[in-house]
Ligand SMILES: [Zn+2]
């Protein structure tokens, strides 16, 4: 080989090597950009409970839960959102499809944020989590499983004001929590929300129900664990009561909204003119019958609410309230925009 050819070969080899390194670096950049740099996405001053719910650090020291619940619905069902730049177009399309699932069954409308002060900010993270209900200001929805539509629907339902199904006050009638099988540091995730509203019957199929292996000591992902709950059923943390055993395989559904999920979203964010009224009794729970068959006029609601009770008017609008009203009841309009006219 001539000296000139040798030089040419050397030069081409160097160019090839430079190109190869550039390609590798580019791949790294692309790969890095697809991964999240925000970790679990939980901002300073906040922490996670129940695995995927963002609350302030002082959550357990305050009486915050009560206040959160009643004020946490989004007025008129309008939820402004912003996508972080990490949420590129394929993720956005996927999230918009998840939003559409909820918009299809309620008056919920996810809108691109304009100047609204309260909004959800959706970003990629290493895990999925969200606060429960409208917090005021910017609130995060962190997404890892951007390609699993109903996991995103689950997180969006948190942001709309829904807690986990198995934390409702009556849950011990329906499931047994196997505390011995739960990792010690995770046991708080199974606390009951004693003030939570209970809408309808206990819903094993809810998209908001934990799976049977949630937080199990038989953790399939931990090398130190000698058992794997998902594969063997060993170390299940939630066992359905024997009389409901047919639902054992149903809990943890993340494939679709259950019928009652749909009703609950409809009920909190009613597509006009459905689901206008609900009587709320003194202990703060929604009775089953009322959920399944809400009042449709103010008069019916007033008659059906006991003295000192609370009548919730869920859909904004003008309601005829003719006559003299002597019974002491409290009227609440959590979604606003309600006028009682003579
Ligand atoms: Zn959750």
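Please treat every number below as a calculation from the coordinates, not as lab data. These numbers were taken from a predicted model, which means no experiment stands behind them. Note: ideal-geometry Cβ built from the backbone for every residue, glycine included; neighbour counts use all protein chains shown.
Going by average Cβ density within 10 Å per residue, which order do the peptides 101-109, 183-191, 51-59 take, highest to lowest?
So the order, starting with the most tightly packed, is 101-109, 51-59, 183-191.
Can you put 157, 47 in order, fewest other beta carbons within 10 Å first?
Listed from fewest to most nearby Cβ atoms, that is 47, 157.
Could you put 265, 38, 153 in order, starting from the residue whose Cβ has the fewest other Cβ atoms within 10 Å?
With the sparsest Cβ surroundings first, the list reads 38, 153, 265.
I'd like the distance between the alpha-carbon centres of region 198-272 and region 294-315, rounded to an integer number of Å.
For region 198-272 versus region 294-315, the Cα centre distance is 33 Å.
Using mean Cβ contacts within 10 Å as the protection proxy, how do 165-171, 326-332 order, highest first?
165-171, 326-332
Using only the Cα atoms of region 179-267, build the gyration tensor, take square roots of its eigenvalues as a ≥ b ≥ c, and label the shape rounded, prolate or oblate: rounded if a/c is under 1.5, else prolate if a/b is larger than b/c, else oblate.
Prolate, since a/c reaches 1.5 and a/b exceeds b/c.
Given the peptides 80-89, 140-149, arrange them by the average over their residues of other C-beta atoms within 10 Å, most packed first.
Output ranking for 80-89, 140-149: 140-149, 80-89.
In what sequence do 158, 296, 193 fall when counting other Cβ within 10 Å, fewest first?
Ascending Cβ contact count within 10 Å gives the list 296, 193, 158.
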